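Each remark here refers to the structure printed beneath this line.
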Amino acid sequence: MFERVRKAGRRFFARPAGTRFHGRYLARRQQQGGLLRKVLILTLGSLVVLLGIVLMPLPGPGLLIVFIGATLIAEESEVAARLLDRIDLRLQPLNRRWKRWRAERRRKRKT
């Protein structure tokens, strides 16, 4: 089971930034799934987002939980998938700066 999740994660992150969520949405649309499944996933995603919002003021992973819920919603909603792709593009420069900072910090620790 974990190997399947790892492979799915690798496929997801192998896509270029700005196309990951929409690509996942399109792949999900090609699979068979009924209206009940779509409603259940959208409901579960909405509940997870609400839980994350409630947990944000508390110490813990509130923002991560909101992101997980939004990802669930994006699997069934093209609008949400495109929105998350835009957010992904906006966060890329921040991610690159963080990786550079981390690499410099590691280099300084070794010396």
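Got a sec? Which of A74, A70, A80 is among the small types (G, A, S) and either at positive phi or in contact with an Asp or Glu (Cβ under 9 Å, 6 or more places away or on another chain) (or both)?
A74
Suppose the filter is touching a residue at least 60 places away in the same chain (Cβ under 8 Å) and closer than 24 Å to R86 by Cα; does T19 pass it?
yes
Read the figures in this text as sums done on the coordinates, not as results from a lab. This one's a predicted model, so the numbers in the text were calculated from it and none came from an experiment. Note that we place each Cβ from the backbone using ideal geometry, even for glycine, and neighbour counts take in every protein chain shown.
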